[in-house]
Amino acid sequence: MLILSAILLALLFAITAALARSYHSREQGLAAEWLQQGNTDLRAGKPTRAFEDFRNSLLYDPENPDVQLHLAEALLADGRFTEARSYLLNLWDRAPGSGQINLDLAHASMNTGEVDQAIRYFHGAIFGSWEKDPAIQRRNVRLELCEFLLSHRMTGEAQAEIAGLAGDTPAEDGELREENGRLFSRAGDPAKALSEFEAALHGNPRQGQWLAEAGQAAFDAGDFLKAETYFSGADRQKPSDEIHVSLLLVRDVLSNDPYMPGLSDDEQASRTVRDFKRGLERLRDCTGTGTSSSLSGSSSSSSSSSGPPISELENLRKEAQELQKRVNLFSVGKNPEMRDEAMGILSRIEESTSSGCGPVTSIDQALKMIEKRHQGNNP
């Protein structure tokens, strides 16, 4: 009887264990089915339904962190940021080094206006762990952080993040280098943007778009010689009206800038006198003061109502008329301060006549740019 009872008891245990395994297997299957359905609904843009699916999945597998994370992401997608943040913080307490949880918390903080917290969680995601393609995931997170910082005009912080991005970019990956360059340009660092574009061009020197971007970065950085080189290449590889106009402007700057390094004293003087005369012509055309080379005896009564104030043009006319008596090749060549004075008035003339005085030519833009570029930094 004892042996029979033991056998019967063992049989009952086996049946119970089998039933329990079957039940748990069924639970796991239902949890997986609801999880799959939730993912399908989330991809289909149905976050509310996805949330219900994930909640049903948790009924059968309440401690599954993956389902909990998906549920929080459904709440994020549904715009229920406070609820999502609550779920995510519980998950973060258990796994503070998770890249995905930190990224989701960054998104929640962004949408609730918590800028500092968002940046903190972005950093947590950048330096956190990722199961698949960690290098790609971290770059994508850093790109998103850069966009976030730029959108909040935090250019200094953005530049630091872009520098970190560039430091982790393979030297031979031209497309990523070009992406870095664009970010540096947007963050107001054209010198570093140029460096990234040049790195991109190293592997593909005839890529027209990259040549144009390198030309613009060099132009913004004040390196007009490089700008001319890259715009010329872009004009050959990918010609467009915009690129050609930029190329002509750069060439006008190079051929008229009296501050260009390496010029002789005579060439500096010649350019200054020539530029000053062009400014006088522009002012005369704007005020309608006749065709003589001198402004003496002229008036500014015909200034356009949509142009600069007559009093401003009149004062400029008088100053230019007085200075014209002293501006010549000899005086400018012997006295660099005369060059600065002439170019200073020229800049004011171009500024004042930039609207309401007829079309602005490429040379007008170049002259205006030359003096602005060198204000306070004249050799």
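The values are calculated or read from the model by the stated rules, or taken from the named source; none is laboratory data. Fair warning: this is a prediction, and the values are worked out from it, not measured in the lab. Positions of Cβ are backbone-derived with ideal geometry, glycine not excepted, and every protein chain shown enters the neighbour counts. With ligands, DNA and RNA removed, areas are computed over all heavy atoms of the protein, side chains included. Shrake-Rupley method; radii C 1.70, N 1.55, O 1.52, S 1.80 Å.
The table for this structure:
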quantity	calculated
Only one of Leu71, Leu30 that is touching a helix residue (DSSP H, G or I) at 6+ places or on another chain (Cβ under 8 Å), modelled with pLDDT of 80 or more and either under 19 Å from His107 (Cβ atoms) or surrounded by fewer than 17 Cβ atoms within 10 Å (Cβ to Cβ) (or both)	Leu71
Every residue from the range 327-379 that is basic (Lys, Arg) and touching a residue at least 40 places away in the same chain (Cβ under 8 Å)	Arg339, Arg373
Test: residue in the range 335-354 that is among the basic types (Lys, Arg), modelled with pLDDT of 80 or more and surrounded by 13 or more Cβ atoms within 10 Å (Cβ to Cβ)	yes
Enumeration of residues in the range 43-68 that are under 20 Å from Ile101 (Cβ atoms), out of contact with any His (no Cβ under 6 Å at 6 or more places or on another chain), open to solvent by less than 50 Å² (accessible area, probe 1.4 Å) and part of a helix (DSSP H, G or I)	Pro47, Ala50, Phe51, Ser57, Leu58, Val67, Gln68
Matching residues, the range 120-161, being touching a residue at least 24 places away in the same chain (Cβ under 8 Å), open to solvent by 30 Å² or more (accessible area, probe 1.4 Å) and β-branched (Val, Ile, Thr)	Thr155
Qualifying residues in the range 240-267 (those that are over 24 Å from the mean Cα position of the chain (by Cα) and in a loop (DSSP other than H, G, I, E, B)) - the one surrounded by the most Cβ atoms within 10 Å (Cβ to Cβ)	Pro258
Conditions (1) assigned to a helix (DSSP H, G or I); (2) hydrophobic (A, V, I, L, M, F, W, C); (3) in contact with a helix residue (DSSP H, G or I) (Cβ under 9 Å, 6 or more places away or on another chain); number of the one not met by Ala171	(1)
Residues of the range 221-239 that turn out to be modelled with pLDDT under 95, closer than 21 Å to Arg186 by Cα and open to solvent by 20 Å² or more (accessible area, probe 1.4 Å), as a count	3
Which listed residue is closer than 23 Å to His374 by Cα and surrounded by fewer than 18 Cβ atoms within 10 Å (Cβ to Cβ), from Gly188, Gly164, Gly203	Gly188
Residues located in the range 344-379, provided they are under 21 Å from Ala221 (Cβ atoms) and hydrophobic (A, V, I, L, M, F, W, C)	Ala366, Leu367, Met369, Ile370
Any chance Ser240 is of a type in the set (Ser, Thr, Tyr) and within 19 Å of Ala366 (Cα to Cα)	no
Subset of the range 311-341 that is aliphatic (A, V, I, L, M) and not in a loop (DSSP other than H, G, I, E, B) - its residue that is nearest to His374 (Cα to Cα)	Met338
